[in-house]
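Worksheet: the structure to be examined is printed underneath.
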Amino acid sequence: MKTKCKNLAQLKIGQSAVIDSFTDKHIALKLLEMGCTPGEVVKLDHIAPMGDPIAISVSGYLLSLRKAEASTVLISLLSTVN
């Protein structure tokens, strides 16, 4: 189940979300080429010790992004059932 829309830079380690859209056309083109397409599920796996960059699982591989790039990706969180 999807919940509130955020941006990718706001995820916490272990959280998953679905990509909704992008706020920057230039960065969006690069991310689309790397498999970050609307509807794709992403998961935050790692955050560097200084907080930047972050590593996400997307399209079957691990992708490292700067937080500034990640903040241009709008997402819907996937709720977890406990």
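Remarks
- Stokes-Einstein diffusion of the stretch 2-65 at 20 °C, 1.002 mPa s viscosity, Kirkwood radius from Cα pairs, rounded to a whole number: 177 µm²/s.
- Taking 15 Å as the straight-line reach from the Cα of residue 12, the aspartates and glutamates in range (excluding those fewer than 8 positions away in the same chain) are 45, 52.
- Peptides 39-51, 11-23 ordered by average Cβ neighbours within 10 Å, highest first: 11-23, 39-51
- In the chain, taking the dipole from charged Cβ atoms about the Cα centre, the farthest positive-side position among 49, 22, 11 is held by 11.
- With the simple model of a label 7 Å out from the Cα in the direction of the Cβ, residue 78 to residue 59 spans 1.7 nm.
Bear in mind that the values in this text are calculations on the coordinates, not laboratory data. Computed from a predicted model, the values in this text were never measured in an experiment. Note that we place each Cβ from the backbone using ideal geometry, even for glycine, and neighbour counts take in every protein chain shown.
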